[in-house]
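The values are calculated or read from the model by the stated rules, or taken from the named source; none is laboratory data. Everything numeric in this text was worked out from a predicted model, so none of it was measured. Methodologically, a virtual Cβ is constructed for each residue, glycine included, from the backbone with ideal geometry; neighbour enumeration extends over all protein chains shown. To get the accessible areas, we keep the full protein, side chains included, count just its heavy atoms, and leave off ligands, DNA and RNA. Shrake-Rupley method; radii C 1.70, N 1.55, O 1.52, S 1.80 Å.
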Amino acid sequence: IRPYPNASWNDWKTTSPDPSQQFVNAQSVFIDHMERLWVLDVGAAFLGNVTKKGPKLVLVDMENDNVERVYDLDDIAETTSYLNDVRISADGNHAFITDSNMGGIRVVDLISGAGRVLLEDDPSTHAEPGFVTSVEGQPMLLANDKPAAFASDGIAVLNGYVYYHACTGRTLYRIEESLLTDTTKTKKEIQAGIEMVGLSG
C-alpha cells in the first residue's frame, strides 16, 4: 500500500499553502473508456464548506503515475457544494459531475477547462419530496429529526445519454450528452430533453 500518485498529493493539511496541488477530500476515482484515471476532489475538508482552490478534477497518467492535468472547479463549486461523482463523455472531451448537496450537473470542457452548471433548478437533480432514505432498515435522520436529503449523486454515460439519480429518491433520469455539451442550447431546451427512465428499488 502506498500513497497514489505520490506522497505529496496525499499530504494536505489545513495549513497547506496550495490545495490545488493536493487532495483535500478525494470523493471519486474513475477510469474511463480511454483508460484515463480521474480523481474528483470535493475540496470540502472534514465534510465542511469548500476550501478555495480545493475542488478539482485531476487527470493521472497511469503509465508513469504522474498528474497530467488539474482542472480547477472553483467556478462551478459553491461554498456548500459536495461534488460527488464523475463520468466522461463518449468522445472523451467532457466530464459530467453530480453535486449531491446543491443539485444540478456540472459539465467541464476537458479541452478548454471551462465549466458550466446545468439543471441546478430542475427537480430531477434534487431530492424527491417525501422520500426518506433508510440505512439498514432505519430512517436516516438529521440532528433535528428531519429526514436527510441528498441531491444528484449517481451518474453514468451510455449510448449517447447521461443517466443520473438523486441519492434521496427513486427516479432514474437521462438526457442526451449533446444537450449538456452544446453551449448554444438554452435552459429550456436542455430541460425539455430530460427523460424519466424508471424507478429504482
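Could you state the orientation-averaged shadow area of the convex hull built on the Cα atoms of the chain, in nm² to one decimal?
Seen from a random direction, the Cα hull of the chain projects 12.8 nm² on average.
Just want to confirm a number: the relative contact order over the stretch 27-113, from Cα pairs under 8 angstrom separated by 6+ residues, in percent. Write out the running numbers ahead of the final one.
Details: 189 pairs, mean separation 19.0, N = 87.
The normalised contact order for the stretch 27-113 reaches 22 percent.
What FRET efficiency do you get for ASN64 and SER112 if R0 is 22 Å and r is their Cβ-Cβ distance, rounded to the nearest 0.05?
So the FRET efficiency works out to roughly 0.30.
Counting just the Cα atoms, what span does the stretch 109-155 cover along each of its three principal axes? Round to the nearest Å and put the largest first.
Sorted from largest, the Cα extents of the stretch 109-155 read 45, 21, 19 Å.
To the nearest 0.05, how large is the calculated FRET efficiency for ASN159 and ASP182 if R₀ is 22 Å and r is the Cβ-Cβ distance?
That gives a FRET efficiency of 0.80.
For the stretch 6-62, what relative contact order do you get, as a whole percent, if you take Cα pairs closer than 8 Å and at least 6 residues apart?
Relative contact order here is 29 percent.
Using only DSSP helix segments of four residues or longer, with each worth -39500 (n - 2.57), what per-residue ellipticity at 222 nm results for the chain after dividing by its residue count and rounding to 500?
Details: 2 runs with 11 residues, N = 201.
Value at 222 nm, helices only, nearest 500: -1000 deg cm²/dmol.
Please compute, over every Cα-Cα pair in the stretch 1-54, the percentage with a separation greater than 19 angstrom.
Considering the stretch 1-54, 29 percent of its Cα-Cα pairs are separated by more than 19 Å.
Compute the distribution of all C-alpha to C-alpha distances in the stretch 54-139, in bins of 10 Å from 0, and list the percent of pairs in each, rounded to whole numbers.
That works out to 16, 41, 27, 14, 3, in percent per bin.
For the chain, with every protein chain kept in place, what is the accessible area per residue (1.4 Å probe, Å²)? Walk me through the intermediate numbers first.
Working: 10610 Å² over 201 residues.
Value for the chain: 53 Å² per residue.
Sorted from largest down, give the three principal axis spans of the alpha carbons of the stretch 8-88, whole angstrom values.
Between the extreme Cα coordinates on each principal axis of the stretch 8-88 lie 33, 25, 19 Å.
Given a 10 angstrom Cα cut-off, can you work out which residue in ASP41, ASP91, ASP109 is the most mobile in a GNM of the chain?
With Cα springs under 10 Å in the chain, the top fluctuation among ASP41, ASP91, ASP109 is at ASP91.
Over the chain, what is the relative contact order in percent, taking alpha-carbon pairs closer than 8 angstrom and at least six residues apart?
12 percent
I'd like the trypsin sites (Lys or Arg not before Pro) in the stretch 122-201 restricted to DSSP loop residues with at most 14 other Cβ atoms within 10 Å, sorted by number.
Counting only loop positions with at most 14 other Cβ atoms within 10 Å, the trypsin sites (Lys or Arg not before Pro) in the stretch 122-201 are ARG170.
Measuring from a point 7 Å past the Cα of MET34 along Cα-to-C-beta, which residues in the stretch 106-136 have an amide N at less than 15 Å?
108-114
Using the Cβ atoms and a cut-off under 15 Å, what net charge is assigned to the surroundings of ALA77, where Lys and Arg are +1 and Asp and Glu are -1?
Neighbourhood net charge equals -3.
Report the GluC sites (Glu not before Pro) located in the stretch 14-91 that are in a DSSP loop and have at most 11 other Cβ atoms inside 10 Å of their Cβ, or state none.
On the way: sites: GLU35, GLU63, GLU68, GLU78; in loops: GLU35, GLU63, GLU78.
The qualifying sites are GLU35, GLU63.
Take PHE46 and ASP145, extend 7 Å from each Cα along the Cα→Cβ direction, and tell me the distance between the two endpoints in nm.
Placing both labels 7 Å along Cα→Cβ, they lie 2.9 nm apart.
Out of the trypsin sites (Lys or Arg not before Pro) in the stretch 1-63, which ones are loop residues according to DSSP with at most 10 other C-beta atoms within 10 Å?
Listed in order of number, the matching sites are LYS13.
Please report the carbon-and-sulfur percent of the accessible area for the stretch 48-201; probe 1.4 Å, protein heavy atoms only, DNA, RNA and ligands left out.
Carbon with sulfur: 50 percent of the solvent-accessible area.
Provide, as a two-decimal number, the C-alpha radius of gyration of the stretch 123-201 over 2.2 N^0.38 Å, N being how many residues it has.
Relative to the rule-of-thumb radius for its length, the stretch 123-201 sits at 1.27.
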